[in-house]
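Engineer: Below is a structure I'd like to ask you about.
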Amino acid sequence: MKEFFAVFSAELLKAKRSLLLKVSLAIPAGIMLFEWIGALQRNTLGIQPGVNFWSAIAEHISRIWIFLLFPLLITLQTALIGETDYREGTWKVVCSQPVKRWMAVAAKQCLAVLAAFISLICLLLCLLLFGFSLGILKPEFQVSAYIPLAELGWFFLAPFVISLLIISFQTWVSLNWGNFIVSCSTGITFTLVALFLFDHECSRFFPWSFPGLGLYRLIDGKPVDDLLYLSLALCAGITLAANLWLSNKQVDR
Amino acid sequence: MNVIQTEALLKNFGNLTAVDCVDLAVPAASVYGFLGPNGAGKTTTIRMLLGLIQPSGGRVILFGKEYDDNRIEILKRVGALVEQPSLYPHLTGWENLEIIRRYRSLERVEITRVLELVDLAKDSRRLVRHYSTGMRQRLGLAIALMGMPPLLILDEPTNGLDPAGIHEIRALITRLSQSFGVTVFLSSHLLNEVEQIATCIGIINNGNLIFQGTQDDLRLKIPQCVHFELDYPEAAKKVLEAEGRTVKVVSASGVLVPIDGRADTASLSRRLINNGISITEMRIDQPTLEDIFLDLTEAAGAAK
């Protein structure tokens with residue numbers, strides 16, 4: 001375990017001053033900034049009477065976030081993680097160090113999960129800031145003093161856990177091809193396919209649709225346990241297969 | 001004991017055989033110069049030694065242990081610089097070394113030690129993207145030196161260095177080998193660089209190891225020649241060829257004749273003078289490593 005943490009800490013150091021960290025913070029903050037500017041220009045947010053301000057805002061933001069922005073952000077983050085070691089050929093240096101190859105791959109997968117989680121936390125913090133500032137600047141919006149934190153957290157956390165499957169797959173793509181364009185185009189294509197498939201029956205079988213399906217179930221007050229278990233099982237399967245594949249892959253660059 | 005030993009090492013890329021049954025034997029504490037023209041198979045061999053690519057056949061034995069079964073244990077004792085130095089440009093020199101320190105679980109003081117060894121201590125807090133080519137090369141070497149591994153595998157370590165830098169690295173490699181018993185496997189196409197520091201030499205061409213041994217063994221491969229400056233080179237050629245000698249006219253007044261020891265020179269000059277040919281100048285031509293290298297690689301190329 002100590003060995004793995006040493007490898008993971010090396011991955012963390014590689015992220016210092018990198019585009020990965022900037023993107024992970026700037027994209028969620030940017031989305032909330034645009035929403036905030038939009039809200040300031042409106043007279044009403046169109047929230048139904050009796051509905052908590054925070055729940056309504058969280059539902060609105062989560063639709064944009066889970067369906068489109070989060071999968072695209074994951075795509076970008078994993079592509080950047082892969083590129084860190086392929087752009088300058090440092091992957092061969094990593095692979096000639098006395099560490100198990102699967103650990104180096106697993107550390108990258110953990111970094112991808114951490115980066116996505118940091119983005120989620122950033123989004124939630126910005127969401128709180130969004131609400132508090134609107135409460136001060138636009139008293140007519142009647143921002144509720146009660147914040148259903150557990151409900152808000154689960155609203156974003158459940159689709160995040162379901163998205164681990166996508167993170168795992170995209171990390172494998174970026175490390176296997178070591179090409180930023182291949183990684184990005186794969187993620188963008190699957191995200192768009194998931195959007196087109198959303199109302200279709202077969203979306204239940206397309207992993208990129210799972211986070212959206214999970215979100216809709218949460219909005220409808222339905223359980224998402226089966227989706228969570230299925231995603232986690234698939235994520236574990238992909239992670240294992242990816243580790244095995246990449247551990248035996250020739251390092252010819 | 002050989003620190004590096006390969007047995008019938010083979011690597012095919014589709015129909016192309018990049019490395020063909022190479023049997024390397026690198027003695028402990030030696031500086032082994034691994035020479036070959038571009039595309040000869042040097043880097044492919046190095047990648048197989050480091051386990052970066054899987055051989056199509058044969059065995060790699062490092063420190064007397066089979067690579068496949070002892071990868072981690074072996075890599076703890078190997079430092080490498082493969083092709084151009086691969087660095088993280090958005091990090092400082094120190095941070096690049098810190099990454100390797102974490103991978104190798106070394107003490108922090110190790111970073112200071114290697115930075116001083118390669119004379120980069122002053123610039124260690126600068127971002128690598130602002131480094132010159134020579135500084136990057138030195139940092140790459142520092143990465144290979146982390147933990148003072150008993151085996152260094154260096155692929156073109158003096159690339160991009162100025163003459164003073166080359167001299168420093170050459171001195172460092174010699175010192176590491178002589179004072180600390182480090183075995184250095186040095187791949188290069190710079191013959192004079194290898195000639196000055198290598199105790200053993202391996203020459204690879206078209207994937208085949210065409211020579212392996214000491215520099216003296218290598219020099220024996222091509223005999224010495226005597227160079228005569230004389231008034232009638234064509235006449236001299238006729239006289240000596242009549243005796244079964246190989247004579248090469250190299251200029252308007254110069255001929256080159258392979259000899260078998262210095263005594264042979266006296267008999268050749270006597271023969272020429274007896275035939276009325278005046279010798280104005282005579283010298284022994286010692287073949288340089290470059291001559292031998294070109295001769296061997298051309299001969300191997302022609303044989304193919």
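The values are calculated or read from the model by the stated rules, or taken from the named source; none is laboratory data. The shown structure was predicted, so the numbers you read here are calculated from the model rather than taken from an experiment. Positions of Cβ are generated from backbone atoms using ideal geometry, with glycine treated the same way; all protein chains shown enter the neighbour counts.
Engineer: Does any residue of region A:66-82 turn out to be under 30 Å from B:LEU87 (Cβ atoms) and in contact with a strand residue (DSSP E or B) (Cβ under 9 Å, 6 or more places away or on another chain)?
Structural biologist: Checked against the condition, which is being under 30 Å from B:LEU87 (Cβ atoms) and in contact with a strand residue (DSSP E or B) (Cβ under 9 Å, 6 or more places away or on another chain), region A:66-82 yields no hits at all.
Engineer: Among what's in region B:11-55 and is closer than 13 Å to B:ILE201 by Cα and of a type in the set (Gly, Ala, Ser), pick the residue that is surrounded by the most Cβ atoms within 10 Å (Cβ to Cβ).
Structural biologist: Only one residue tops the list, namely B:GLY33.
Engineer: In region B:165-185, is there at least one residue being assigned by TED's automatic domain parsing to the domain that holds B:LEU24, under 17 Å from B:PRO287 (Cα atoms) and not small (Gly, Ala, Ser)?
Structural biologist: no
Residue-wise test of (1) without any contact (Cβ under 8 Å) to a residue 40 or more places away in the chain; (2) within 23 Å of B:ILE4 (Cα to Cα).
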{"site": "B:ILE143", "(1), (2)": "no, yes"}
{"site": "B:ALA164", "(1), (2)": "yes, no"}
{"site": "B:ARG175", "(1), (2)": "yes, yes"}
{"site": "B:VAL184", "(1), (2)": "no, yes"}
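Engineer: Continuing with this model, one more query. Being over 16 Å from the mean Cα position of the chain (by Cα) and away from chain B (no Cβ under 14 Å) narrows it down to one residue among A:ILE147, A:ILE162; which is it?
Structural biologist: A:ILE147
Engineer: Do you know which of the residues in region A:95-106 that are surrounded by 20 or more Cβ atoms within 10 Å (Cβ to Cβ) and facing chain B (nearest Cβ under 7 Å) is farthest from B:MET48 (Cα to Cα)?
Structural biologist: The qualifying residue farthest from B:MET48 (Cα to Cα) is A:VAL99.
Engineer: What helices (runs of 4 or more DSSP H) completely inside region B:208-304 contain at least 1 residues that are within 30 Å of B:VAL31 (Cβ to Cβ) and in contact with an Asp or Glu (Cβ under 9 Å, 6 or more places away or on another chain)?
Structural biologist: Per the criteria, B:215-221, B:289-303.
Engineer: What is the number of the single condition among (1) at the interface with chain B (Cβ under 10 Å from one of its Cβ atoms); (2) in contact (Cβ under 8 Å) with a residue 12 or more places away in the chain; (3) surrounded by 19 or more Cβ atoms within 10 Å (Cβ to Cβ) that A:PRO71 does not meet?
Structural biologist: (1)
Engineer: From (1) away from every other protein chain (no Cβ under 14 Å); (2) touching a Leu at 6+ places or on another chain (Cβ under 7 Å), pick out the condition that doesn't hold for A:LEU76.
Structural biologist: All conditions pass for A:LEU76, except number (2).
Engineer: Tell me which residues, restricted to region A:111-148, are closer than 30 Å to A:SER9 by Cα and surrounded by fewer than 16 Cβ atoms within 10 Å (Cβ to Cβ).
Structural biologist: If the condition is that a residue be closer than 30 Å to A:SER9 by Cα and surrounded by fewer than 16 Cβ atoms within 10 Å (Cβ to Cβ), then A:PHE117, A:ILE121, A:LEU125 are the ones that fit.
Engineer: Applying the selection to region A:174-187, what residues are under 12 Å from A:LEU80 (Cα atoms) and over 16 Å from the mean Cα position of the chain (by Cα)?
Structural biologist: If the condition is that a residue be under 12 Å from A:LEU80 (Cα atoms) and over 16 Å from the mean Cα position of the chain (by Cα), then A:LEU175, A:GLY178, A:ASN179, A:PHE180, A:ILE181, A:VAL182 are the ones that fit.
Here's the yes/no breakdown for (1) within 24 Å of B:SER188 (Cα to Cα); (2) touching a helix residue (DSSP H, G or I) at 6+ places or on another chain (Cβ under 8 Å); (3) at pLDDT 95 or above; (4) within 11 Å of chain A (Cβ to nearest Cβ):
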{"residue": "B:ILE61", "(1), (2), (3), (4)": "yes, yes, yes, no"}
{"residue": "B:VAL82", "(1), (2), (3), (4)": "yes, yes, no, yes"}
{"residue": "B:GLU110", "(1), (2), (3), (4)": "no, yes, yes, no"}
{"residue": "B:LEU120", "(1), (2), (3), (4)": "yes, yes, no, no"}
{"residue": "B:GLY134", "(1), (2), (3), (4)": "yes, yes, no, no"}
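Engineer: Among the listed residues B:LEU141, B:LEU115, B:LEU127, which satisfies the condition of being in contact with a helix residue (DSSP H, G or I) (Cβ under 6 Å, 6 or more places away or on another chain) and either buried (at least 19 other Cβ atoms within 10 Å of the Cβ) or within 14 Å of another protein chain (Cβ to nearest Cβ) (or both)?
Structural biologist: Residue meeting the stated conditions: B:LEU115.
Engineer: Same structure again: Please give the number of the condition A:ILE47 fails out of (1) away from chain B (no Cβ under 14 Å); (2) at pLDDT 95 or above.
Structural biologist: Only one criterion is unmet by A:ILE47, namely (2).
Engineer: Something else about it: Could you run through region A:12-31 and say how many residues are assigned to a helix (DSSP H, G or I), within 14 Å of A:LEU114 (Cα to Cα) and either more than 9 Å from every other protein chain (Cβ to nearest Cβ) or modelled with pLDDT under 95 (or both)?
Structural biologist: Of the residues in region A:12-31, 7 are assigned to a helix (DSSP H, G or I), within 14 Å of A:LEU114 (Cα to Cα) and either more than 9 Å from every other protein chain (Cβ to nearest Cβ) or modelled with pLDDT under 95 (or both).
Engineer: Right, another one. Would you mind finding the one in B:VAL60, B:VAL82 that is outside the structural domain of B:ALA29 (by TED's automatic domain parsing) and surrounded by 18 or more Cβ atoms within 10 Å (Cβ to Cβ)?
Structural biologist: B:VAL82
Engineer: Can I ask one more? Which condition number does A:ASN179 fail, the rest of (1) at pLDDT 95 or above; (2) in contact with a helix residue (DSSP H, G or I) (Cβ under 9 Å, 6 or more places away or on another chain) being met?
Structural biologist: If we test A:ASN179 against (1) at pLDDT 95 or above; (2) in contact with a helix residue (DSSP H, G or I) (Cβ under 9 Å, 6 or more places away or on another chain), just (1) comes out false.
Engineer: Given the criterion modelled with pLDDT of 90 or more and under 30 Å from B:LEU81 (Cα atoms), identify the matching residue among A:SER133, A:SER62, A:SER96.
Structural biologist: The match here is A:SER96.
Engineer: Can you name the residue in region B:84-106 that is under 18 Å from A:LYS100 (Cβ atoms) and either among the aliphatic types (A, V, I, L, M) or not in a helix (DSSP H, G or I) (or both) and, of all such residues, is farthest from the other protein chains (Cβ to nearest Cβ)?
Structural biologist: Once the filter is applied, the top-ranked residue is B:LEU106.
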